[in-house]
Amino acid sequence: MKSRETPENLSVVEVKEVYKSFKTVKAVNGVSLTIKQGQFTALLGPNGAGKTTLVEMIEGIQKPDNGDITILGKKWEGHQNELHRSIGLSLQETRFIDKLTVEETMKLFAGFYQLGNERVNEIISEINLGEKRKSYTVNLSGGQRQKLALGLALLNNPKLLLLDEPTTGLDPNARREIWHILLQLKAKSQTSLILTTHYMEEAEQLCDYIIIIDSGRILLEGTRDELLNSDNKKIIEFTPEGSDNDLNEIISGNSDFDINWDENTRKGIITIDDLETELPEFINYLKLKNIQLKNFESRRKTLDDLFTTLTGRHLNA
Amino acid sequence: MHSKTLMREPAVLFWGVVFPLLMALGLGLAFTQKLDTIHKVAVINPGIVIDSANRFESFLKMRTKRATDSATHKVQYKITVKDAKLGNNTYIFERTSQTEAMKMLKRGEINLIIEEKNDETEFRFDPVSPEAHLTYLNLSRVINNNKITTEDESVAPLTLRGTRYIDFFVPGLIAMGMMMSSIWGLGYGIIENRSKKLLRRMIATPMKKSYFLISLITVRSIMNFIEGGLLFLFSYLVFGITIQGSIIALLLIFIAGNVGFAGIAILTSSRTANPEVGNGLINAISTPMIVLSGIFFSYHNFPDWAIGFIKILPLTLLADGIRSIFIEGAGLPDIIVPFFALLMTGVICFYIGLKFFKWY
């Protein structure tokens, strides 16, 4: 498709008022979104928020009950082959043919796109699986398997890349490796990415646009900066000593401060606008009540804080 | 790719290639070797002194050898009847109690019980069991010194090729092997890939769905040719089995069988993503055919009303077709009907299967 529009304005994905229900569950409940070229977008939400259903509808794997989805200006009906050539994806749970090696699996999929061995070698080095080239996929670790899945998604130089929870269940090192590959991709290509995750760090690290969804609806969306730095609110996290009795006011929320108490971690969180005047007031209050602190920190606002403010729950609860 | 993965699973090679060979060898030996047969017979102790005029008692005393079983310390009487043509028969009589005799009968160690009474000898056996009947007839002939054949009659054992049990069995085994490897290899493979979401992943590429299925079927057919060929080669070398009919006819029926069972496999595996359900489905389809289609024993023992149905089962069509070419010397005209029937079965099942096929 020749683009008459400038790349920044070209929308790669257009989702309009999409609904999808399964028996008793409304998985996706009226979602609209637009993904621009080169934009890395995170669909952030807890498990069961409807992320996978939404992504699978964009991937053409599921059909929406209602609403329209266009990819690169085209609907799935009648353009399957063309769209399959333009997108790359990895499913939430990917298992391969056990007794094929990494290289053979790559070649098999490369064959589907009529790509040669050159591209296979390129991708294998990009995803850093050169050492495992001759290993059977059944013997790969979780991280290696996800890298292979990512490599398969990248084979055809997709205009749109869709990754469904690419790092769920991986250890921090493996997760960072996947991030590294994606950041490299971002630096050198115009690929747009839609990534689902329930890790706020992942959304923050990788994506410039974040859509927070819960119960099949979009709660909030915006660029990373818009979401996190729009207000100048600061987060104070403190861990007091003492029994429930001593901390009665804090736990029950009867103090003058708006304290969010987490019973599990026994941490209090307050959000303040003006660190210089409000913080000393809070310290004075603790002194007055004779409350000793085990720990005290001031930190920037996270996406989890945002989610908690909106839903009263944590992302990874 | 598919063929490589097959080669890398040693279990696939074992069950697909080695196991049918072993089965042919085992059953072939069991039914071709004329081994000496040993019949054990329980003799119930009368608890009274038997008149020596009792014919059976005098037979035991005069003509058999008395021995004691080293393991059970029971008294046994042995007699071996030699027969160059039909093989030797050895009868072992063991004195035992009534309850012990019933136990031996239930365990299948014996099929005949003899009870001595003062004025007569009673033979007890299941009249429906042909084997028990045969033991009784043979034994009573030995005891009474009767001959079956008169001077101007003789027995000629049939060892002609094509009339032995192994000649009957090998074509059926080839047919069954084709069915099993098609339905399991193809059907179960598809179900497993669906459960792994691999099908879902593959069709999210420009891969043509028909190419995918055709490549699976092609590899499976080639495997079937190799398996069938090996089984035949083995039977030829060990049992001297030959193909008496038309090779072209054999080739055609083989191809039709592959198409037929590939279609059935696609239909069987068109929906489910659960390997356990798949397992059940495949068994539900293959087991009745193995039992009914006359692979191990002729289906002519089934009631007449069932035979019409049995004859149109795909496995029956294939097994009978291959068998007629192997041992009856059938040619092209003889296999036209099963050829088209199998082909149509395959095409229709494939078509319906594709309509229902669930890729994700």
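For A:Lys26, go through the lysines and keep the ones whose alpha-carbon is under 24 Å away, minus same-chain ones fewer than eight residues off. Here the lysines satisfying the reach criterion relative to A:Lys26 are A:Lys16, A:Lys51, A:Lys63, A:Lys75, B:Lys197, B:Lys358.
Taking the Cα centre of the protein assembly as shown as origin and assigning +1 to Lys and Arg Cβ atoms and -1 to Asp and Glu Cβ atoms, the resulting dipole is close to 2460 debye. Checking every one of the GluC sites (Glu not before Pro) in the stretch B:76-122 against DSSP loop status and a limit of 14 other Cβ atoms within 10 Å picks out B:Glu109, B:Glu120. Of all lysines in the structure, those lying under 17 Å Cα to Cα from A:Lys301, and not within fewer than 8 positions of it along the same chain, are A:Lys233, A:Lys234, A:Lys267. Aspartates and glutamates within cross-link reach of B:Lys40: Cα-Cα under 12 Å, excluding same-chain residues under 8 positions apart? Counting by Cα, and skipping residues close in sequence, B:Lys40 has these aspartates and glutamates nearby: B:Glu94, B:Glu109. Averaged over peptide A:81-93, the number of partner chain Cβ atoms lying within 10 Å of each residue's Cβ comes to 3.
Taking the Kirkwood radius as Rh and the Cα radius of gyration as Rg, the stretch A:11-227 has a ratio of Rg/Rh equal to 0.96.
In terms of the Cα gyration tensor, with a ≥ b ≥ c the square roots of its eigenvalues, is chain B rounded because a/c is under 1.5, prolate because a/b exceeds b/c, or oblate? Taking the square roots of the gyration eigenvalues as a ≥ b ≥ c, chain B is prolate. Inverting the pair-averaged 1/r between distinct Cα atoms of the stretch B:165-356 gives 17.2 Å as its Kirkwood hydrodynamic radius. Net charge in the neighbourhood of B:Ser298 (other residues with Cβ under 13 Å of its Cβ; Lys, Arg +1, Asp, Glu -1) is 0. For chain A, the longest principal axis of the alpha carbon atoms and the long axis of helix A:142-154 meet at an angle near 50°.
When the gyration tensor of the stretch B:128-253 is built from Cα positions, what are the square roots of 5 times its three eigenvalues, in whole Å, from largest to smallest? Walk me through the numbers before you get to the answer.
Details: eigenvalues 541, 80, 17 Å².
Ellipsoid semi-axes (Å, largest first): 52, 20, 9.
Per the Cα gyration tensor, the stretch B:311-360 maps to an equivalent ellipsoid with semi-axes of 29, 10, 7 Å, ordered largest to smallest.
Judged by the gyration tensor of its Cα atoms, with axes a ≥ b ≥ c, the stretch B:98-164 is oblate; a/c meets the 1.5 cut and b/c is at least as large as a/b.
Within the protein assembly as shown, the proportion of C-alpha pairs whose separation exceeds 43 Å stands at 52%.
With a ≥ b ≥ c taken as the square roots of the eigenvalues of the C-alpha gyration tensor of the stretch A:234-300, please select rounded if a/c is under 1.5 and otherwise prolate if a/b is larger than b/c or oblate if it is not? It comes out prolate by the Cα gyration axes. Summarised as an ellipsoid, the stretch A:73-114 has semi-axes of 25, 13, 7 Å, derived from the eigenvalues of the Cα gyration tensor scaled by 5 and square-rooted, with the largest first. The long axis of helix B:247-268 is offset from the longest Cα principal axis of chain B by roughly 70 degrees.
Working from Cα positions, state the angle (0 to 90°, nearest 10) between the long axis of helix A:172-188 and the longest principal axis of chain A. Once rounded, one gets 60 degrees.
Here the sum of -39500 (n - 2.57) over DSSP H runs of 4 or more residues, divided by the residues of chain B, equals -18000 deg cm²/dmol at 222 nm, to the nearest 500. Gain on full extension, evaluated as 0.36 nm per residue between B:Asp126 and B:Phe356 minus their Cα-Cα distance, stands at 77.6 nm. When the Cα convex hull of the stretch B:36-157 is projected onto planes of every orientation, the mean area is 8.8 nm².
Distance cut-off 32 Å, Cα to Cα: go down the list B:Lys65/B:Lys106; B:Lys61/B:Lys85; B:Lys106/B:Lys311; A:Lys147/B:Lys355; A:Lys99/B:Lys311 and report the pairs above it. Pairs exceeding the cut-off: B:Lys106/B:Lys311; A:Lys147/B:Lys355; A:Lys99/B:Lys311. Based on DSSP H segments of at least four residues, each scored -39500 (n - 2.57), chain A has a per-residue ellipticity at 222 nm of -10000 deg cm²/dmol.
Every number here is computed from the coordinates shown, using simple stated rules; none is lab data. The model shown is predicted, which means the values in this text are computed figures rather than measured ones. Neighbour counts run over all protein chains shown; Cβ positions are idealised from the backbone, glycine included.
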